[in-house]
Amino acid sequence: MNGRAIFLLASLGMVLGMLPFVANDYVLSVATLFLFFAYAGQAWNILMGFAGQLSLGHSVYLGLGAYAAAALHYHFGIGPWAGLWLSMTLCAALGAIIGALAFRYSVSGVHFTLLTIAVAEFMRIGFDHFTWIGGSAGLFLKVSQRNQIDLLNLRGTPAMFYYVILALAAAAFALSTWLLLRRPGYYWQAIRENEDAAQALGINIFRWKMLAIIISASMTSLGGVFLAFYYNNLFPEQVFHISRSIEIILGPIIGGMGTLFGPVLGAALLALLADGATEVLAATGWEIPGLKQLIYGIALFVVMTLLPHGVWPELARKLKVSK
Amino acid sequence: MTPLLEARQVSKAFRGLRAVSNVSLSVETNTISALIGPNGAGKTTLFNLISGAAALDDGKILFRGNRIDGLRPDQLCELGIARTFQIVKPFSGLTVLDNVIVGALKGHPRLSDARRQADAILEHLGLGAKRDLPASVLTLPDRKRLEVARAIATQPKLLLLDEALAGLRPIECEPMIEFLREINRRDGVTILLIEHVMRAVMTLAQAVVVLHQGEVIASGAPEQIVRERAVLECYLGTGVEI
């Protein structure tokens, strides 16, 4: 990472750190969602962008992570900081099972992708009938006073949630950077580019793919914990749905898969485009249902056509910043 | 002394076609040996069997006296066997330097050490000026060099080269031959190469094995091989001057 990149990162951090002091609640909620997708995109990017394994079922880690921590809180009053360990453990285990099945038995490419979708759908339907945590009727956490900050139980103001997800997104960025610029990053990219050649150079393909899916899954699960306590309600139909998986991956695809800034930039662009357009239209008296999805689709189409590697690699070249 | 590499009655068939049939050969430590023969003789298949890329039907392969058949390519690399691919397999999205670093990381856990070693190898192979280019833009001769650079970076004891010189012009062959001879002498890397460039085989190899239709039809010193009637008939042709 060169000087310009660090300067860019520092300015971004400064702006995001100051935001709650100048922004209203609406802007803050958009920014919170942007950071959430930057975080989840970063987690997905480790598996796909670095290691080249396309998962279209990352909602499963989001959902399982969310439900595990929320259920502990709902039934036993256990706080999210304790609950997140269960979430991470469960999701790491689920990722390991999917990985072991796929990578051991050479389920690769599109078949791996189908497996990830199948597991997510299976979980969605399973949780619909899991009445202990609400089933399809949903699980609701008690909403307490929003003006009192209780960081221990993750209850508090929008600004608190904003800073929590900002910290998570920053940590995910740091972890991704650390991984990418060391042995794991090199080995994952080698596997992504050519498995035969990677294996011939001494890389244990199975072990490194397993590491990628376990890290990616447990990171995503933390996003789920955040989601549960931010929204205070969970429905299997939403949190496990494939459209949630798609939302997670749009950011990195548009921003630039396999890059560090890509997931952040992509999430920011999507948040600006979708919410900006919705706002502008609403102000002029237009309400179009499904507009967000339409904009996502158009953005994806335009970027794939003009910049197949995403916006960031091109932008980085212009700014003379390392990718 | 046990040979570094030994194949004993190795066979491999593809749907009934005997690609490699009852092949035995041995490669002595610190030598350069060549595997030659017409197209379809089973040379690359034999390489795939040795390097773990394909499973053999019958026979044994030993490295320093230990069975290695059944091991995966990454395990063989750990033991000190590296290979290049005839159809080059660069990591296209990575830079030339990063390609070699991937190999160098095996012996150098620290990235800075791996980078230093990779840089030195690239310099040596004449790829130094292209280190920051993506591997996808390299010409075929450069890709061939990159294959060798990456394999060497794993610091192998035995290097299997599958037509590393094919496609190189004579003037480009010379530095590569020199490089191979040097890593053999200086670093003690044993080399087994598949090659059609007979001039390279004659100058480099101390021992030659000739395959034809999956079987060994001759083996021995290069000067001796080029006089064998069977070799002349099936591969070199009669009346060649080497």
Exercise. Would you be able to say whether some residue in segment B:186-201 is crowded, with 17+ Cβ neighbours inside 10 Å, within 12 Å of the chain's Cα centre (by Cα) and part of a loop (DSSP other than H, G, I, E, B)?
Key: yes
Self-check item: Checking residue A:52 against (1) under 15 Å from the mean Cα position of the chain (by Cα); (2) closer than 15 Å to residue A:259 by Cα; (3) surrounded by fewer than 24 Cβ atoms within 10 Å (Cβ to Cβ); (4) not hydroxyl-bearing (Ser, Thr, Tyr), the condition it does not meet
Solution: (1)
Quiz item: Are any residues in segment A:83-127 surrounded by fewer than 16 Cβ atoms within 10 Å (Cβ to Cβ), assigned to a helix (DSSP H, G or I) and among the hydroxyl-bearing types (Ser, Thr, Tyr), and if so, which ones?
Solution: A:89
Exercise. Enumerate the helices (runs of 4 or more DSSP H) found wholly within segment B:1-114, keeping only those where 2 or more residues are closer than 25 Å to residue B:165 by Cβ and facing chain A (nearest Cβ under 10 Å).
Key: B:73-79, B:96-104
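Being at pLDDT 95 or above and of a type in the set (Lys, Arg) is the requirement here; does residue A:104 meet it? Spell out how you get there, then give the answer.
Working: at pLDDT 95 or above: no; of a type in the set (Lys, Arg): yes.
Taking the combined requirement at face value, the residue does not satisfy it.
Restricting to segment B:202-215, name every residue that is on the phi > 0 side of the Ramachandran plot and surrounded by 21 or more Cβ atoms within 10 Å (Cβ to Cβ). Explain how you work it out, then say what you get.
First, pick out the residues of segment B:202-215 that are on the phi > 0 side of the Ramachandran plot: B:213-214.
Of everything in segment B:202-215, just one residue is on the phi > 0 side of the Ramachandran plot and surrounded by 21 or more Cβ atoms within 10 Å (Cβ to Cβ), namely B:214.
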Exercise. Quickly run through segment A:109-123 and pick out the residues that are free of Cβ contacts under 8 Å to residues at least 60 places away in the same chain and among the hydroxyl-bearing types (Ser, Thr, Tyr).
Key: A:113
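Every residue in segment B:122-143 that is part of a helix (DSSP H, G or I) and either closer than 23 Å to residue B:75 by Cα or in contact with a Ser or Thr (Cβ under 8 Å, 6 or more places away or on another chain) (or both), please. Quick ask: steps written out before the conclusion?
First, pick out the residues of segment B:122-143 that are part of a helix (DSSP H, G or I): B:122-124, B:128-130, B:135-137, B:140-143.
If the condition is that a residue be part of a helix (DSSP H, G or I) and either closer than 23 Å to residue B:75 by Cα or in contact with a Ser or Thr (Cβ under 8 Å, 6 or more places away or on another chain) (or both), then B:135, B:136 are the ones that fit.
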Practice problem: Determine whether residue B:130 is away from chain A (no Cβ under 14 Å) and buried (at least 16 other Cβ atoms within 10 Å of the Cβ). | Solution: yes
Quiz item: Somewhere in segment B:86-96, is a residue over 25 Å from residue A:49 (Cβ atoms) and either surrounded by fewer than 21 Cβ atoms within 10 Å (Cβ to Cβ) or of a type in the set (Asp, Glu) (or both)?
Solution: yes
Quiz item: Quick one: would you say residue A:43 is surrounded by 18 or more Cβ atoms within 10 Å (Cβ to Cβ), in contact with a strand residue (DSSP E or B) (Cβ under 8 Å, 6 or more places away or on another chain) and not in a loop (DSSP other than H, G, I, E, B)?
Solution: no
Exercise. Report, by residue number, each residue of segment B:2-47 that is surrounded by fewer than 23 Cβ atoms within 10 Å (Cβ to Cβ) and on the phi > 0 side of the Ramachandran plot.
Key: B:9, B:15, B:16, B:22, B:30, B:40
Exercise. For residues that are away from chain B (no Cβ under 12 Å) and surrounded by fewer than 22 Cβ atoms within 10 Å (Cβ to Cβ), scanning just segment A:180-214, find the one that is nearest to residue A:2 (Cα to Cα).
Key: A:211
Quiz item: Residues A:173, A:140: which one is surrounded by 19 or more Cβ atoms within 10 Å (Cβ to Cβ) and either touching a residue at least 40 places away in the same chain (Cβ under 8 Å) or away from chain B (no Cβ under 14 Å) (or both)?
Solution: A:173
Quiz item: Here are some conditions: (1) more than 23 Å from residue B:155 (Cα to Cα); (2) surrounded by fewer than 18 Cβ atoms within 10 Å (Cβ to Cβ). Residue B:181 meets all but one. Which one does it not meet?
Solution: (1)
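Here is a yes/no grid of residues against (1) modelled with pLDDT of 95 or more; (2) more than 12 Å from the chain's Cα centre (by Cα); (3) not aliphatic (A, V, I, L, M):
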{"site": "A:240", "(1), (2), (3)": "yes, yes, yes"}
{"site": "A:252", "(1), (2), (3)": "yes, no, yes"}
{"site": "A:255", "(1), (2), (3)": "yes, yes, yes"}
{"site": "A:270", "(1), (2), (3)": "no, yes, no"}
{"site": "A:273", "(1), (2), (3)": "no, yes, no"}
{"site": "A:280", "(1), (2), (3)": "no, yes, no"}
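Name the residues in segment A:287-317 that are at positive phi and either in contact with a Phe, Trp or Tyr (Cβ under 7 Å, 6 or more places away or on another chain) or modelled with pLDDT under 90 (or both), would you? Working first, answer last.
We begin by selecting, within segment A:287-317, every residue at positive phi; these are A:290, A:310.
Residue satisfying the conditions is A:290 alone.
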Practice problem: Taking residue A:217 as the residue in question, decide whether it is surrounded by 24 or more Cβ atoms within 10 Å (Cβ to Cβ), in contact with a strand residue (DSSP E or B) (Cβ under 8 Å, 6 or more places away or on another chain) and under 30 Å from residue A:137 (Cβ atoms). | Solution: no
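The values are calculated or read from the model by the stated rules, or taken from the named source; none is laboratory data. The model shown is predicted, which means the values in this text are computed figures rather than measured ones. We place every Cβ from the backbone using ideal geometry, glycine too, and count neighbours over all the protein chains shown.
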